[in-house]
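Everything on this sheet refers to the single structure shown next.
The values are calculated or read from the model by the stated rules, or taken from the named source; none is laboratory data. This one's a predicted model, so the numbers in the text were calculated from it and none came from an experiment. As a convention, Cβ positions derive from the backbone with ideal geometry for all residues, glycine included, and neighbour counts pool all protein chains shown.
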Amino acid sequence: MSWAEHVASGIRTTINGVEAFYVDRGEGNPVVLVHGWASSSFSWRRNVPALSERFRVIAPDLPGFGLSQRLLGGLDLESVRAFLLDLLESIGVDEFSLVGHSMGGAVSAYVASMNPDRVRRLVLINPSPFGAGVGRRPFAVELVRHRPLSDIAVRFSVRRSVVRRVLER
């Protein structure tokens, strides 16, 4: 699929004053594909057709990426989570599975930790939740403040003392 075909097959909308773009294909249980840093929903162009044979597949361009406008307040996990949930609510999606790649893995893990009642399944592909900060606070700091992610952080690349300090704040 070419870029032009991708753009033509997508949907443009406004979410809380922010111009947004997303792909919505198929029927069945919703699966939301969350792209990584410096990417867009276009990165899922080979996955969407196959997945949409069995599921409703939604692949948004996160704020500031692809064809979606950036957020005025900056990019942090909470604002991206709110954007994603508002988009899903606007198209009638209450419960969904999340698939996140790279930075999208961090976003997906955060959404799942804050909204476990809405996320049916979580798939993380080469996630980068403990990398450099985006926006006002590093991903690792935001993520480990929420269980069960703090337990995962202890096992993978974050020293216990760092996790303890964050949780004690």
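Give region 76-116 a look and list any residue that's of a type in the set (Gly, Ala, Ser), more than 19 Å from Gly28 (Cβ to Cβ) and not in a helix (DSSP H, G or I), or say none. Show your work before the answer.
Pass one, region 76-116, residues of a type in the set (Gly, Ala, Ser): 79, 82, 90, 92, 97, 100, 102, 104-106, 108-109, 112-113.
The next check asks that each one be more than 19 Å from Gly28 (Cβ to Cβ); those that pass are 79, 82, 90, 100, 102, 104-106, 108-109, 112-113.
Result: Gly100, Ser102.
With respect to the conditions (1) touching a strand residue (DSSP E or B) at 6+ places or on another chain (Cβ under 9 Å); (2) at pLDDT 95 or above; (3) assigned to a loop (DSSP other than H, G, I, E, B), Glu53 lacks only one, and its number is (1).
Please go through region 26-38 and give me each residue that is surrounded by fewer than 18 Cβ atoms within 10 Å (Cβ to Cβ) and either within 11 Å of the chain's Cα centre (by Cα) or in contact (Cβ under 8 Å) with a residue 40 or more places away in the chain (or both), ordered by number. Of everything in region 26-38, those that are surrounded by fewer than 18 Cβ atoms within 10 Å (Cβ to Cβ) and either within 11 Å of the chain's Cα centre (by Cα) or in contact (Cβ under 8 Å) with a residue 40 or more places away in the chain (or both) turn out to be Asn29, Trp37. Quick one: is Ser43 polar (S, T, N, Q) and in a helix (DSSP H, G or I)? Yes; evaluated as a whole, the condition is true for this residue. Pairs meeting the criteria (first residue in region 60-76 and surrounded by fewer than 21 Cβ atoms within 10 Å (Cβ to Cβ), second residue among the acidic types (Asp, Glu), beta carbons under 9 Å, at least 6 apart or on different chains) are Leu67/Glu19; Leu67/Asp61; Gln69/Glu19; Asp76/Glu142.
Does Ala4 meet the test of being hydrophobic (A, V, I, L, M, F, W, C) and assigned to a helix (DSSP H, G or I)? Criteria met by Ala4.
Say whether the condition of being among the hydrophobic types (A, V, I, L, M, F, W, C), surrounded by fewer than 21 Cβ atoms within 10 Å (Cβ to Cβ) and within 14 Å of Glu19 (Cα to Cα) is met by at least one residue in region 81-90. Break it down stepwise before answering.
Of the residues in region 81-90, the ones among the hydrophobic types (A, V, I, L, M, F, W, C) are 82-85, 87-88.
Add one more test, that the residue is surrounded by fewer than 21 Cβ atoms within 10 Å (Cβ to Cβ), and what stays is 82, 85.
Keeping just the survivors that are within 14 Å of Glu19 (Cα to Cα) gives none.
No, region 81-90 has no match at all.
Evaluated against (1) touching a Ser or Thr at 6+ places or on another chain (Cβ under 8 Å); (2) hydrophobic (A, V, I, L, M, F, W, C); (3) at pLDDT 95 or above, Leu85 falls short on exactly one condition, (1).
Trp44 fulfils the conditions (1) surrounded by fewer than 17 Cβ atoms within 10 Å (Cβ to Cβ); (2) hydrophobic (A, V, I, L, M, F, W, C); (3) free of Cβ contacts under 8 Å to residues at least 24 places away in the same chain except for a single criterion, (1).
Looking at Asn126, Asn115, which is the one that is more than 14 Å from Gly36 (Cα to Cα), at pLDDT 60 or above and either surrounded by fewer than 22 Cβ atoms within 10 Å (Cβ to Cβ) or in contact with a His (Cβ under 7 Å, 6 or more places away or on another chain) (or both)?
Working: Asn126 fails: more than 14 Å from Gly36 (Cα to Cα).
Criteria check complete, one pass: Asn115.
Restricting the first member to region 92-103 and to residues that are surrounded by fewer than 17 Cβ atoms within 10 Å (Cβ to Cβ), and the second to residues that are of a type in the set (Lys, Arg) and not in a strand (DSSP E or B), the beta-carbon pairs closer than 7 Å and six or more apart or on different chains are Asp94/Arg118; Glu95/Arg118.
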